[in-house]
Amino acid sequence: MYGAGGQKRVPDDFVRNFTIAWPPCQEQAEIQAFLDHETVRIDALVEQQRRLIELLKEKRQAVISHAVKSFGEGPEGKVGYYIDLLPGYAFPSSGFDHDDGIRLLRGANVSVGSTRWDDVVYWAYDKAQGLDEYWLKEGDLVIGMDRPWISGGARVARIRNSDLPALLLQRVARIRARSGLDQDFLELALSSQEFKDSIEADMTGVSVPHVSPEQISSFRIALPKLDKQSEIAQEARRELDKLENLLEEASINISLMQEHRSALISSAVTGKIDVRGWQPPAGSSVTADTTQTEAV
């Protein structure tokens, strides 16, 4: 391949001169029939795991909503009365470093329930003076304000020690519970369908919808006593941890099956496995039809 950055291309003459093994048409058809049968079976198993993931996500949301609906005690008020909310600093992109410095937490780094650092920009330590309030701490909650919802749910995550040191970039909000509100309970509330429903109708932006600090602060809740909040949050966390383990297991299963699919195709077309004379099991609709191959 040649070219710079993301514009690299495969030369035309490489494609024209690429050499492959070219077995007789009957063997090609047998390989095709074998792979059609096996890949359909693998694809069906992958689809089952994907459906399982969707069901687990629905169950996760149901657990969160049940916990959030359990707080119907006491007077209702805006969550803004109970939180310290800080939008990120508008670091100029011209000052970004892609190799070294302090990590900047951007919207791209906030996923559902976790942070991700596969795409990172940095800010030089010697340019961080006067930014004390934008340093993140372990236990902080962060919410991606651009596209705050994705298929997996709300882009709300808790900052862990492994995320630090990091500075808060604009379009991400840092949220800390004040006296009377449990941080774990707050995380559930911000991850709930109720929070989403409360502000979705007032979402700003067309192509890239986003949520404002004012919308977050306007979410109304009725809080139980602090010890009850902690109890609800701990019970929900136990259930959510079980679901996260099942989600991770299903994702791993999909990756393994897709790897097996690719390896099977490669082995069949390169002759590492011999499928000459292979016949589909009784009842299978796959046949070794040579008509299309011969036409080519």
- Could you look through region 86-127, keep only residues that are without any contact (Cβ under 8 Å) to a residue 60 or more places away in the chain and in a strand (DSSP E or B), and pick out the one that is surrounded by the fewest Cβ atoms within 10 Å (Cβ to Cβ)? Asp97
- Can you pull out the residues in region 212-229 that are assigned to a helix (DSSP H, G or I), in contact (Cβ under 8 Å) with a residue 24 or more places away in the chain and surrounded by 15 or more Cβ atoms within 10 Å (Cβ to Cβ)? Pro213, Ile216, Ser217, Lys228, Gln229
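Inside region 4-23, can you point out the residues that are among the aromatic types (Phe, Trp, Tyr) and either in a helix (DSSP H, G or I) or at pLDDT 95 or above (or both)? Let's see the steps before the verdict.
At the first step, the residues of region 4-23 found to be among the aromatic types (Phe, Trp, Tyr) are 14, 18, 22.
Once the filter is applied, which keeps residues that are among the aromatic types (Phe, Trp, Tyr) and either in a helix (DSSP H, G or I) or at pLDDT 95 or above (or both), region 4-23 yields only Phe14.
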- Message: Anything in region 1-59 that is closer than 29 Å to Arg276 by Cα, within 35 Å of the chain's Cα centre (by Cα) and among the β-branched types (Val, Ile, Thr)? List them, or say none.
- Response: Thr39, Val40, Ile42, Val46
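Quick grid of which residues meet (1) more than 24 Å from Ile53 (Cα to Cα); (2) of a type outside the set (A, V, I, L, M); (3) not assigned by TED's automatic domain parsing to the domain that holds Lys228:
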{"position": "Asp100", "(1), (2), (3)": "yes, yes, yes"}
{"position": "Gln129", "(1), (2), (3)": "yes, yes, yes"}
{"position": "Glu138", "(1), (2), (3)": "yes, yes, yes"}
{"position": "Val142", "(1), (2), (3)": "yes, no, yes"}
{"position": "Gly153", "(1), (2), (3)": "no, yes, yes"}
{"position": "Arg178", "(1), (2), (3)": "yes, yes, yes"}
{"position": "Phe185", "(1), (2), (3)": "yes, yes, yes"}
- Message: So Gly130 passes all but one of these: (1) over 18 Å from Gln170 (Cα atoms); (2) in a loop (DSSP other than H, G, I, E, B); (3) over 22 Å from the mean Cα position of the chain (by Cα). Which condition number does it fail?
- Response: (1)
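Can you confirm whether region 234-248 contains a residue that is closer than 30 Å to Glu30 by Cα, in contact (Cβ under 8 Å) with a residue 24 or more places away in the chain, in the same structural domain as Ile53 (by TED's automatic domain parsing) and surrounded by 11 or more Cβ atoms within 10 Å (Cβ to Cβ)? Spell out how you get there, then give the answer.
Narrowing region 234-248 to residues closer than 30 Å to Glu30 by Cα: none.
So far as region 234-248 goes, no, none of its residues is closer than 30 Å to Glu30 by Cα, in contact (Cβ under 8 Å) with a residue 24 or more places away in the chain, in the same structural domain as Ile53 (by TED's automatic domain parsing) and surrounded by 11 or more Cβ atoms within 10 Å (Cβ to Cβ).
If you check Ala44, Ala67, which single one turns out to be within 30 Å of Ser218 (Cα to Cα) and either at pLDDT below 85 or part of a helix (DSSP H, G or I) (or both)? First the steps, then the outcome.
On the way: Ala44 fails: within 30 Å of Ser218 (Cα to Cα).
One residue alone meets the criteria, Ala67.
Can you pull out every residue in region 173-195 that is part of a loop (DSSP other than H, G, I, E, B) and under 21 Å from the mean Cα position of the chain (by Cα)? Quick ask: steps written out before the conclusion?
Of the residues in region 173-195, the ones part of a loop (DSSP other than H, G, I, E, B) are 178-182, 191-192.
Passing the criteria: Ser191, Ser192.
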- Task: Find all pairs meeting these conditions: Cβ atoms under 8 angstrom apart; at least six residues apart or on different chains; first residue within region 157-168 and within 10 Å of Asp140 (Cβ to Cβ); second residue part of a helix (DSSP H, G or I) and of a type in the set (Phe, Trp, Tyr).
- Result: Leu168/Tyr134
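Looking only at region 127-154, how many residues end up being of a type outside the set (A, V, I, L, M) and touching a helix residue (DSSP H, G or I) at 6+ places or on another chain (Cβ under 7 Å)?
Let us first name the residues in region 127-154 that are of a type outside the set (A, V, I, L, M), namely 127, 129-130, 132-135, 137-140, 144, 146-149, 151-153.
Now narrow it down to the ones that are touching a helix residue (DSSP H, G or I) at 6+ places or on another chain (Cβ under 7 Å): 127, 138-139, 144, 146, 149, 152-153.
Qualifying residue count for the region: 8.
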- Check on Ser65, outside the structural domain of Val211 (by TED's automatic domain parsing), of a type in the set (S, T, N, Q), within 22 Å of the chain's Cα centre (by Cα) and surrounded by 13 or more Cβ atoms within 10 Å (Cβ to Cβ): yes
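When you check Gln26 against the structure, is it modelled with pLDDT of 95 or more, in a helix (DSSP H, G or I), farther than 30 Å from Asp182 by Cα and touching a Ser or Thr at 6+ places or on another chain (Cβ under 9 Å), yes or no?
No.
The values are calculated or read from the model by the stated rules, or taken from the named source; none is laboratory data. Here the structure is a predicted model, which is why all the values come from computation and not from measurement. With ideal geometry, Cβ positions are generated from the backbone for all residues, glycine too; neighbour counts draw on all protein chains shown.
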